[in-house]
Structures are given as structure tokens and as C-alpha cells.
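The values are calculated or read from the model by the stated rules, or taken from the named source; none is laboratory data. No experiment lies behind these values; they were computed from the predicted model shown. A quick note on method: Cβ atoms are made from the backbone with ideal geometry, for glycine too, and the neighbour counts reach across all protein chains shown. SASA here: full protein model, heavy atoms, side chains in, ligands and nucleic acids out. Shrake-Rupley method; radii C 1.70, N 1.55, O 1.52, S 1.80 Å.
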Amino acid sequence: MSFDFSAPTNRLNTYSTQWDYVGDRFGFSDLLPFTISDMDFASAPCITEALQQRLDHGIFGYSRWNHADFKQSICHWFANQYQTELNEESLVYGPSVMYIISRLIQLWSKPGDGILYFDPAYDAFKPIIESADRIAIPNPLQAIPRSAQDAQRSDYQINWSLLEQQAADPNCTILLLCNPHNPTGKVWTQEELSKIAEITQRHKLCVISDDIHMDICFEPYTPWTKVAQDNRWALVSSASKSFNVPALSGAYAAIGCEQTKQAYLEILKLTDGLSSPSIFGVIAMMTAYREGAPWLGELREYLGQNLEWVAERLNQAFPQLNFCPPQGTYLAWIDLTPLGIDMDALQHTLIHDHKIAIMRGDAYGPLGRNHLRFNVGCQRSKVEQGLEGLIKAIESLR
């Protein structure tokens, strides 16, 4: 590899949410964290060089995002990485993916409307729906039983008859999609997305597709634009996960409906006063999408090897788990159900005996019970330390 992802880093005392504030969620501050989905790697050198050049300029006045350099960098990325042509004029900026999603919910629904999503779900989805006075409607994903002989990566399937029934409810107005899906790591196939598109089009649902993890896929990723059957959709994403720059802020969306796009921009500028972005976020995204592909390719390979190592070691210790790496993301979604472990006792042991913080699966909804979401976006040495601690914690409870 040209880039050394095994090189040690130190994030303590940098105001890191994952490291310095782990006690906010786990009650203790001296824990090794495998928690929120950012990575422990330094960002791509091309990004840090571009930021340093802008920092050396020394003037940080108001800036713009609505220019060809920003929008064409996004189009360039989709064209080169995913053979997908985006309409430059459909693109908008937002300070974060969740900000854009919240404003689209406001524009495409009214209080009391139902919003569909697949469960288990990213833990911000249900609160953002309910805080807008909408009704959260989960569609439970079903894990497909796999053996080591017939699958290398885990998979989930949709309850299609239930989805049809839910979408047919006249009070249901939006499907909030996550592609690839967090926390399961499911990467939707083009056939699955086409079927979702047919159902949502027939029942006149708007689709908001959160694709922030799109660049870390081990199966082919299909953007929603390739399957959309009308203009009631938005693809929302950012370079923040892929290139580990979320603290710089910045996201974008391609919005199929021109009227919705204009309404969103009015909210962004006039209601929320957010049309002047962080220049560092803009530069980071443009640089990532123009120059960062070689770094990202090697990162994806390293993350894939981390996930495969987790599967090998975990299945060696507990063959009945038959854990398969996810199809996408750097988040190992581990189902401990076959072990019959008390999850409260496991968390207590992890925290107090092994000083390790791993996200509980039930943070992502009821179907996450007996699961852990283990972040492998870090050096292999840290992954090994965390997994060995988890194995010892489990063994002590059996």
C-alpha cells in the first residue's frame, strides 16, 4: 500500500467525540472506543495539503458553495466512481446530511404523516422523524441465514408484502432509505432498489436516500438516481465518512424536483441563515472528489481486511455465531443471539473489566437486541485489542 493505515494515531485531548467524550454515553472516560462512525485515520494527504494551503492564506471571510468547482467535483466523483451522471443543477449544499434530511421531511410531509424506514436503523432516524411531529413507521429487515460455504458477506432482505401495505397507507408520505444501510451494512442491489422505486412511485411516496457510507462498499453500490421513476426523490451524501472529515462540516443533495430544490434553498438561506459554508469543508470535499480516489481505494481494502479478520477471529472463538462481514460500511454488526449472553452483563464486563466501549445494538431499534455495532475504522492493532477484549468478556459470562 502507498498509504500506511497501520500507523498509530492519538486522538485524546483533541475534543474528539469518540475518544474524549466516550463517558457521555458509557459513563466512564478511560475506555477504548469502538463507537460512533468516524475513523481514527488521518485524512487523505491531498486534503490536508489543500487545507494547509488555504490556512496559509490567512483570510477566512464568508464563502460560497454554489459554484461550478463545488458542484462539478461531485458530478466528477459519481461519474468516475459509479458511472452515474448527476444533473449539476440539481445539487444543493447543507451543513450535514441530517440537516438536509430534516428539511426535506419538513418540505415533503406535514405533522402526523408517516415516514417509512428499514429497521434496525441509524439511531438518528427515529428521533428526527418524531421531533418533526411525524410518525416513524419501521419495516423490519430479515436476516438471511448463511453458511460459510454459500456466503462471504452478511445479507438482509425486505418484507415486501409489509412494505407494500405500509406504502399504501395514504398517511405515509416518505421512505427514508439508507444505502448502504446502517447498522447492518446491507448494500441494496439495483434490483431491490428498482422494486422499492416501483412501490414508492405507485403509492406516491417521496424517497430520501441517505448515502453517506456509499464509498465504503464491498458489493456494487447503486445510486438512487439510476432507479428513480419520478422526481420525488433526493440523494443525500457527503465526503465526511469516506475521508474522515466530519468536523469540517458539509454535505450535499441531488434533488429530483426543481420546486423542492428552490424551497430547500430558501430555508437554507432565509430561514436558517446557513448559505455561507465552512470554506474548509468545501475545499476538503472538492479535493477528496478530485484527487482522493487512490487513497480511498487503499482505505477500502484495509477496512475490508479488518472486517474479514474480525469474522475469522470471532468465528474461531464462537463457531455458532457464523459471523459474516457486512456488504458495506466499516461497522461490524454482530449478532450474539446464539450465545445466549445477557447484554447488560456483557456491557458491564466490557466497561469495568476490559475498559472497552462498543455500541449496543438496541440503540438502533428493537431488532438490534443481542447485537453489537463494532467500528473497525481504525488501526488493526486497535481492532485486535478490542475484539480480544470482547471475546474474553463473552467467555467470562458463559
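Computed values, structure above
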read-out	value
Residues that are of a type in the set (D, E, K, R) and assigned to a helix (DSSP H, G or I), drawn from segment 290-348	Arg290, Glu291, Glu298, Arg300, Glu301, Glu308, Glu312, Arg313, Asp344
Residue in segment 179-194 that is aliphatic (A, V, I, L, M) and surrounded by 20 or more Cβ atoms within 10 Å (Cβ to Cβ) present	yes
Top-ranked residue of segment 23-37 - restricted to ones that are surrounded by 15 or more Cβ atoms within 10 Å (Cβ to Cβ) and hydroxyl-bearing (Ser, Thr, Tyr), ranked as modelled with the lowest pLDDT	Ser37
Residue count, segment 171-229 (criterion: under 30 Å from Glu298 (Cβ atoms) and among the small types (Gly, Ala, Ser))	2
Enumeration of residues in segment 1-22 that are within 27 Å of Pro294 (Cα to Cα), surrounded by 10 or more Cβ atoms within 10 Å (Cβ to Cβ) and either β-branched (Val, Ile, Thr) or more than 22 Å from the chain's Cα centre (by Cα) (or both)	Met1, Phe3, Asp4, Ser6, Thr9
Close pairs (6 angstrom Cβ cut-off, 6 or more residues apart or separate chains): among the basic types (Lys, Arg) in segment 52-70, modelled with pLDDT of 95 or more and not in a loop (DSSP other than H, G, I, E, B) anywhere	Arg54/Ile283
For Trp309: the one exception among (1) open to solvent by 30 Å² or more (accessible area, probe 1.4 Å); (2) aromatic (Phe, Trp, Tyr); (3) closer than 30 Å to Tyr93 by Cβ	(3)
Long-range neighbours under 6 Å by Cβ, at least six apart or interchain, first residue open to solvent by 10 Å² or more (accessible area, probe 1.4 Å) within segment 383-398, second small (Gly, Ala, Ser)	Leu397/Ala345
Selection count where residues are touching a Ser or Thr at 6+ places or on another chain (Cβ under 8 Å) and assigned to a strand (DSSP E or B), scope segment 349-370	3
Tally of residues being open to solvent by 10 Å² or more (accessible area, probe 1.4 Å) and either part of a helix (DSSP H, G or I) or of a type in the set (Phe, Trp, Tyr) (or both) across segment 254-284	15
Where a residue in segment 124-139 is at negative phi and surrounded by 18 or more Cβ atoms within 10 Å (Cβ to Cβ) and its partner, wherever it lies, is part of a loop (DSSP other than H, G, I, E, B) and modelled with pLDDT of 95 or more, with Cβ under 6 Å and at least six apart	Arg134/Ser109; Arg134/Asp113
Complete set of residues in segment 333-391 that are within 25 Å of Ser43 (Cα to Cα) and of a type in the set (Lys, Arg)	Arg373, Arg380, Lys382
Subset of segment 152-174 [among the polar types (S, T, N, Q) and not in a strand (DSSP E or B)]	Gln152, Ser154, Asn159, Ser161, Gln165, Gln166, Asn171
Test result for Ser102, surrounded by 14 or more Cβ atoms within 10 Å (Cβ to Cβ), among the polar types (S, T, N, Q) and at pLDDT below 95	no
Some residue of segment 48-69 being under 22 Å from the mean Cα position of the chain (by Cα) and modelled with pLDDT of 95 or more	no
Complete set of residues in segment 189-210 that are among the polar types (S, T, N, Q) and in a loop (DSSP other than H, G, I, E, B)	Thr189
Residues within segment 211-239 that are closer than 22 Å to Asn306 by Cα, open to solvent by 10 Å² or more (accessible area, probe 1.4 Å) and either in contact (Cβ under 8 Å) with a residue 40 or more places away in the chain or in a strand (DSSP E or B) (or both), tallied	5
